[in-house]
Amino acid sequence: MSQRLIPDNEIDRLAAVRSIGIRAIETMPELKDLAFLARDVFECAFAAVNIVDQDWLRIAAQSGIQVEKCSRDESICQYVVHEGNVVVVPDLTLEPDMATLPYVAGEPHLRSYAGAPIELEPGLTVGSFCIMHTDPRDLGTRQRRQLSEFARIASALFRLQRSNLLMVKGEKALRLAAMTDPMTGFYNRQALPELVDSEMRETLAAGRPFGAAYLDMDGFKGINDRHGHQTGDEVLRQAAVRIRSVIRSGDIPLRMGGDEFAIFFPDCGCENSLTTIAARLVDAFRAPFSIGGIEVMAHLSVGAAAAPEGGTSREKLLETVDRALYEAKANGRDRYVVRVDGAVL
């Protein structure tokens, strides 16, 4: 599955996901009992309570075949979250977007899927109660209703957990959590309209330049392919530390997704300042990452530009930055390109 499905209320949905406290949810014995009961009722190979987070499908409880969390892009539960309704796929091998998923094409060769939305509030779907079989199966009207009933019970348990957390957390903290990438501690894409736009307006209104940079890690996919996602995750965490060591405390780093980062520089000074920091970022990634006794390489390509010359809106500025990054990668990677007034530094 190559395309991520994003609901229109994604920022509110992610705030809801953070509000339930994923780690606490994963230790609730009631959810494990619910998954066990569902596997017995539906006589299925696998039953699970799943949470669809920003980048991952997180398994809060499961029964039957034991599976690991997978990326959101590889999850069928993201369809349930996107549609907000029961989703039934009688034969996964007949669906082009699903037949090649690792757990369908490979072990444990799961063949059919059914999932019902877990909602904190009507329309606010945080996950899916799903069942899967190793053979093709459809669900009748009665079974679909039963699956929805299991999801409603899970929803009630989620709401109870959220109520407990809301006693100690304020709304402001939850919204900040919705804009934060849990892997790196950087902001995520949701911070673009919420935080970056206001910073850019204030900086330009004061007559000061506002810089931006795209960062792309060269060869990161190969690390995941050769060493696994756990190693890749640790590389991302260490990459965030290296980026933090170079930028200023007032700069705004974001993880845009995967191995792609953006940094925004309020009051970035002259063009030479942006060039200097781009060079330091590239240099910071030339040393190997040490992960669990092995060393892996992931160099960095950087494209940068500054407003107002590079664009007076965030969208226009990022278009200029994206062109600069493309030039850096086209010219051999492990380098930076800074665009100023249409020229390249």
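Among residues of the range 60-87 that are open to solvent by less than 20 Å² (accessible area, probe 1.4 Å), those with a beta-carbon under 8 Å from a residue that is hydroxyl-bearing (Ser, Thr, Tyr) and not in a helix (DSSP H, G or I) at least six positions away or on a different chain give the pairs Ile76/Tyr113; Cys77/Ser128; Val80/Thr125; Val80/Ser128; Val81/Thr125; Val81/Ser128. Within the range 10-33, the only residue that satisfies the criterion of being within 20 Å of the chain's Cα centre (by Cα) and free of Cβ contacts under 8 Å to residues at least 24 places away in the same chain is Arg23.
Annotation: of all residues in the range 180-211 being open to solvent by 30 Å² or more (accessible area, probe 1.4 Å), polar (S, T, N, Q) and outside any loop (DSSP other than H, G, I, E, B), the one that is farthest from Gly258 (Cα to Cα) is Ser198.
Would you be able to tell me the number of residues in the range 88-109 that are touching a helix residue (DSSP H, G or I) at 6+ places or on another chain (Cβ under 6 Å) and touching a residue at least 12 places away in the same chain (Cβ under 8 Å)? So the answer is 4.
The number of residues in the range 308-333 that are of a type in the set (S, T, N, Q) and open to solvent by less than 20 Å² (accessible area, probe 1.4 Å) comes to 1. Residues of the range 264-307 being open to solvent by less than 50 Å² (accessible area, probe 1.4 Å), β-branched (Val, Ile, Thr) and either without any contact (Cβ under 8 Å) to a residue 60 or more places away in the chain or farther than 30 Å from Gly228 by Cβ (or both), which ones? Within the range 264-307, Thr275, Ile277, Val282 qualify.
The set of residues in the range 9-36 being over 16 Å from Leu120 (Cα atoms), out of contact with any helix residue (DSSP H, G or I) (no Cβ under 8 Å at 6 or more places or on another chain) and open to solvent by 10 Å² or more (accessible area, probe 1.4 Å) consists of Arg23, Glu26, Thr27, Pro29, Lys32, Asp33, Phe36. The single condition among (1) over 21 Å from Arg162 (Cβ atoms); (2) of a type outside the set (Asp, Glu); (3) free of Cβ contacts under 8 Å to residues at least 12 places away in the same chain that Arg4 does not satisfy is (3). Taking the stated definitions as given, is Ile247 within 26 Å of Gly185 (Cβ to Cβ) and in contact with an Asp or Glu (Cβ under 9 Å, 6 or more places away or on another chain)? No, not satisfied. Restricting attention to the range 240-284, and to residues there that are within 16 Å of the chain's Cα centre (by Cα) and of a type in the set (A, V, I, L, M, F, W, C), which single residue is nearest to Ser71 (Cα to Cα)? So, considering only residues that are within 16 Å of the chain's Cα centre (by Cα) and of a type in the set (A, V, I, L, M, F, W, C), the one nearest to Ser71 (Cα to Cα) is Met256. Before we move on, is Leu147 at pLDDT 90 or above, assigned to a helix (DSSP H, G or I), surrounded by 14 or more Cβ atoms within 10 Å (Cβ to Cβ) and not aromatic (Phe, Trp, Tyr)? So Leu147 fits the description; yes.
Each row is one residue, and each column tells you yes or no for (1) small (Gly, Ala, Ser); (2) touching a Phe, Trp or Tyr at 6+ places or on another chain (Cβ under 7 Å); (3) assigned to a loop (DSSP other than H, G, I, E, B); (4) within 14 Å of Tyr113 (Cβ to Cβ).
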position: Ile11; (1), (2), (3), (4): no, no, no, no
position: Arg18; (1), (2), (3), (4): no, no, no, no
position: Ala24; (1), (2), (3), (4): yes, no, no, no
position: Ala38; (1), (2), (3), (4): yes, yes, no, yes
position: Arg58; (1), (2), (3), (4): no, no, no, no
position: Glu68; (1), (2), (3), (4): no, no, yes, no
position: Thr93; (1), (2), (3), (4): no, no, no, yes
position: Ala99; (1), (2), (3), (4): yes, no, yes, yes
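Applying the set (1) at pLDDT 95 or above; (2) over 26 Å from Glu10 (Cα atoms) to Tyr103 leaves exactly one unmet item: (1). Test Ser112 against the criterion of being free of Cβ contacts under 8 Å to residues at least 60 places away in the same chain and either buried (at least 21 other Cβ atoms within 10 Å of the Cβ) or closer than 28 Å to Gly257 by Cβ (or both), and give yes or no. Yes, satisfied. Taking Phe42 as the residue in question, decide whether it is touching a Ser or Thr at 6+ places or on another chain (Cβ under 8 Å) and either surrounded by 15 or more Cβ atoms within 10 Å (Cβ to Cβ) or under 15 Å from Met132 (Cα atoms) (or both). Considered against the rule, which asks whether it is touching a Ser or Thr at 6+ places or on another chain (Cβ under 8 Å) and either surrounded by 15 or more Cβ atoms within 10 Å (Cβ to Cβ) or under 15 Å from Met132 (Cα atoms) (or both), Phe42 comes out as no.
The values are calculated or read from the model by the stated rules, or taken from the named source; none is laboratory data. Note that the coordinates shown come from a computational prediction; the quantities given were computed from them, not determined experimentally. Every residue, glycine among them, receives a Cβ derived from its backbone with ideal geometry; neighbour counts consider all protein chains shown. Areas reflect the complete protein model, heavy atoms only, side chains present, ligands, DNA and RNA absent. Shrake-Rupley method; radii C 1.70, N 1.55, O 1.52, S 1.80 Å.
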